[in-house]
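To start, the structure itself, in structure tokens.
The values are calculated or read from the model by the stated rules, or taken from the named source; none is laboratory data. Only a predicted model underlies this, so the values are computations on that prediction, with no experimental measurement involved. Cβ placement follows ideal geometry from the backbone for every residue including glycine, while neighbour counts extend to all protein chains displayed. The accessibility values were calculated without ligands, DNA or RNA, using every heavy atom of the protein model including side chains. Shrake-Rupley method; radii C 1.70, N 1.55, O 1.52, S 1.80 Å.
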Amino acid sequence: MPRLPSEAHARIVRQINLTLEGPVAEVMAQLVPELKKLPRRGVLQCVLDDPDLLDRCFKAFHANPERFHQLLVDEHDVAVEQADALLACGRSLDDVVAMVVRTCAKRHFRKRLDGDASPQKSRRSPPPKGLMGKLMRLLSLAPAEAAAKRSRGEVLYDAMQEHLVHDWQVALVPEYSTLSPALVKRLGKRILDYKVPEDIRRLKDNPAELPVPSTLPSEIPDFLVPPAARADKAKAAEKPKPAALSGGDVPAQVHEVKAGGAPAAAGNADRRARIAEILTPDGKRLRSAAFTMVLLDPVVRAELPNADQTVRITGLLAEMGGLSAKMLVGELGLRMDQLAVMALVIYDVMGEEMFKRSFGIPGNLEYCAKFVERAKAAGISQDTALGEVSTFIRKTFANAPRAAQ
């Protein structure tokens, strides 16, 4: 988020607060009954002071997006469809969510660790006057040193601020407050891999040996998986997991190529793309920037249509929806290079409109599931050569309808 002059930033914050406490609170009160009992003017402050209540508000927002559609508009009063697009206030929805999450966390950290949820201004009593006051001032810290002293809650918030960006983190704020700033700094962005309270408690109890997150990045909720694929998933769960899934980081891309163009075996290592790295923060689409180096690989470029148009083909990856990408990676175990080739060749043979309708946002998960079943039947897996992936796709969609461009 770019820095603005203090006056401009303060104006934006005021505008956001007024919107949250006004029209947003009015709609939210119809969805979260507890809000009706709160004073109209203090409702925002009460919600920010209560992580549990704020979490329920975020869940209500996600469950009823149509109720907030008219509030999410840009400066021209046009509805905003993407979470990273600028709203009328000059910030995106992602920015506003991060501001709310950080404010809630800061208040909770201060309340739990310092006994005060209000902003720290001056908690020192004025020194006595006269000779005693002069002596105390001489012996006290210099003004700059005194101002630099931070409370325990503020130190923890300083360590964590950069990584407080998602609304699902609100439910973890009470657990976050039990972590040490040193552990938070050591984890860095990896703290976002731990998404349930029990994970944070295990982090606190065993900081020297970081536990494996309960939810792997490539997991797909069962309700998104078709019955046939769900049965395959259940059978796979009974088999011993590859060593690479038992802990530590799995490389995002490992494709050592043999002379014949097939990927070299790498033991039992799981080399699938890491969902947390290849999707945008809101999880809605592929993050094209994550594939920049992949698309420069000569082995990959040999399979791509219009490979010379690097900028264009990189941007096209953002047309694939997050749910489709999760299903492809989760069910087929695709590496990053395989996913890139698959997405771009499908786009090429189907055309823009049909691709967006089938694999875009939100896409057609039933169609995607049928494609996954055909890919499995054809033996497409993590070990399939890129040329075979491309050939399979062109045969599969050879007679598929292509909408007029």
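The condition of being outside the structural domain of Asp95 (by the TED database), over 18 Å from the mean Cα position of the chain (by Cα) and free of Cβ contacts under 8 Å to residues at least 40 places away in the same chain holds for Gln309. Return yes or no: is Leu296 open to solvent by 60 Å² or more (accessible area, probe 1.4 Å), of a type outside the set (Val, Ile, Thr) and without any contact (Cβ under 8 Å) to a residue 24 or more places away in the chain? Here the answer is yes, as Leu296 does meet what is asked.
Would you please name the residue that is nearest to Gln169 (Cα to Cα), looking only at residues in segment 188-203 that are open to solvent by 30 Å² or more (accessible area, probe 1.4 Å) and not hydrophobic (A, V, I, L, M, F, W, C)?
Lys195
When segment 258-293 is limited to residues that are in contact with a helix residue (DSSP H, G or I) (Cβ under 7 Å, 6 or more places away or on another chain) and among the charged types (D, E, K, R), the one that is modelled with the lowest pLDDT turns out to be Asp270. All of Leu183, Leu138 fail the test of being at pLDDT below 65, surrounded by fewer than 18 Cβ atoms within 10 Å (Cβ to Cβ) and part of a helix (DSSP H, G or I), apart from Leu138.
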